[in-house]
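As structure tokens, the structure follows; a few thoughts come after it.
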């Protein structure tokens, strides 16, 4: 298992956070996605096959920005 942290910009409410959670949680191989709205952070736990670019692309398709792409923890 691998855990990655992403900075997400443009989220203003819990609805935004839920959209990000759902979109990233639906990526094949992702076992858990959680969002800290106050810090603007997305945490993704996944199997080894999921790369940060896939996650960033899913977030960007929603219209949000992604910083510090895929810092592995």
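Laboratory data are not the source of any read-out in this text; all were calculated from the coordinates shown. Note that the structure is predicted; figures quoted are calculated from it, not measured. Note that we place each Cβ from the backbone using ideal geometry, even for glycine, and neighbour counts take in every protein chain shown.
Would segment 54-68 turn up any residue that is buried (at least 17 other Cβ atoms within 10 Å of the Cβ) and either more than 12 Å from the chain's Cα centre (by Cα) or in contact (Cβ under 8 Å) with a residue 60 or more places away in the chain (or both)? Yes - at least one qualifying residue is present in segment 54-68.
Residues in segment 35-50 that are closer than 10 Å to residue 5 by Cβ and within 11 Å of the chain's Cα centre (by Cα) were compared, and the one that is surrounded by the fewest Cβ atoms within 10 Å (Cβ to Cβ) is 36. Go through segment 11-22 and give me each residue that's more than 8 Å from the chain's Cα centre (by Cα) and either in a helix (DSSP H, G or I) or surrounded by 14 or more Cβ atoms within 10 Å (Cβ to Cβ) (or both). Once the filter is applied, which keeps residues that are more than 8 Å from the chain's Cα centre (by Cα) and either in a helix (DSSP H, G or I) or surrounded by 14 or more Cβ atoms within 10 Å (Cβ to Cβ) (or both), segment 11-22 yields 11, 14, 15, 16, 17, 18, 19, 22.
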